[in-house]
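A quick write-up on the structure given underneath.
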Amino acid sequence: DKGETETLEIICKVNKTGNLTNIAKISGIEYDPNLKNNVDNESVIVPPAADIAVLKEVNDNNPFFGDVIVWTISVKNLGPDMATNVCVYDELPDGLIFNNYTASRGIYENGVWRLDYLNNGESEFLNISCYVNGLDLIINNVTATADEFDVNKSNNHDDELINVSPVSDLSIEKFANVSTANYHDLVKWTLIVSN
């Protein structure tokens, strides 16, 4: 009817980044003398997004005290855009002493692995070698971040644990109070054990 106004609300999920424009058009069967107001649009700017996922593994879950073990950390960008300033935080906990590292790309120092970028779908890895210097359960955590919006933060963290068994370096020494003895003599044997 003349002068009547109606409203339609549409709720949708954004599944793309960038400048998104939604165009609305109206038409009727009657003659419309002003077609300029029959089209309208609205734009929404969606900043870049990158879903960073991190995974941690260890080559030996049950090492002995003093063993050298290797932690493997992989980080992947699940997209949809490039991730920039990717930082993977893996500071070794008490009971682990840093030995060295190898990385497919980037630098690991002071507990942080830095990558300038990760393209959509790209993965990189970091191996951290360390000495086991503690006993029982030791948990090693890793967290990853990037500058872009991350829609799924549940996969930005992982941890792995080791259960360290004790090691004892036992030694024994044996002495006699004499180097020669006569038949029916008494000989005193002394045993010294050390851990």
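The values are calculated or read from the model by the stated rules, or taken from the named source; none is laboratory data. Quick caveat: nothing in here was measured; it's all calculated off a predicted structure. Ideal geometry is used to build each Cβ from the backbone, glycine not excepted, and the neighbour counts take in all protein chains shown. For the accessible areas, the whole protein counts, side chains as well, though only heavy atoms, and no ligand, DNA or RNA atoms are used. Shrake-Rupley method; radii C 1.70, N 1.55, O 1.52, S 1.80 Å.
Computed values, structure above
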| item | result |
| --- | --- |
| Under 14 Å, Cβ to Cβ, from residue 127 - net charge with Lys/Arg +1 and Asp/Glu -1 | -3 |
| Distance (nanometres) between label positions extended 7 Å along Cα→Cβ at residue 110 and residue 149 | 3.1 nm |
| Length released on extending from residue 55 to residue 159, taking residue separation times 0.36 nm less the Cα-Cα span | 36.7 nm |
| Built amide H within the under 5 Å cut-off of residue 96, gap 5+ | 133 |
| Full-stretch length increase - residue 43, residue 173 - with 0.36 nm per residue and alpha-carbon distance subtracted | 38.2 nm |
| Probe 1.4 Å, accessible area per residue of segment 138-195, Å² | 78 Å² |
| Cβ charges +1 (Lys, Arg) and -1 (Asp, Glu), total dipole of the chain, debye | 560 debye |
| Distance cut-off 26 Å, percentage of C-alpha pairs in segment 1-137 lying past it | 53 percent |
| Equivalent-ellipsoid semi-axes of segment 74-168, from the Cα gyration tensor, Å, largest first | 29, 14, 10 |
| From phi via Karplus (6.51, -1.76, 1.60), per-residue ³J(HN,Hα) for segment 31-46 in Hz, x at Gly/Pro | 5, 10, x, 10, 7, 5, 9, 8, 9, 9, 9, 9, 10, 10, 9, 10 |
| Surface share of carbon and sulfur [accessible, 1.4 angstrom probe, percent] for the chain | 52 percent |
| Per DSSP, loop trypsin sites (Lys or Arg not before Pro) in segment 1-59 with at most 10 further Cβ within 10 Å | 2, 13, 16 |
| Simple spin-label estimate for residue 85 and residue 133 in nanometres, 7 Å along Cα-Cβ | 3.3 nm |
| Among 142, 119, 156 - extreme Cα towards positive end, dipole of segment 86-177, charges at beta-carbon | 142 |
| Taking only Cα atoms of segment 116-194, radius of gyration then Dmax in Å | 29.2, 90 |
| DSSP bridge pairs, the chain: antiparallel proportion in percent, nearest 5 | 95 percent |
| Extension gain from residue 194 to residue 32, taking 0.36 nm per residue of separation minus the Cα-Cα distance | 48.0 nm |
| Amide H partners (placed H, <5 Å) of residue 149, local residues excluded | 50 |
| Cα coordinate range in segment 1-80, projected on the principal axes (Å, largest first) | 88, 20, 16 |
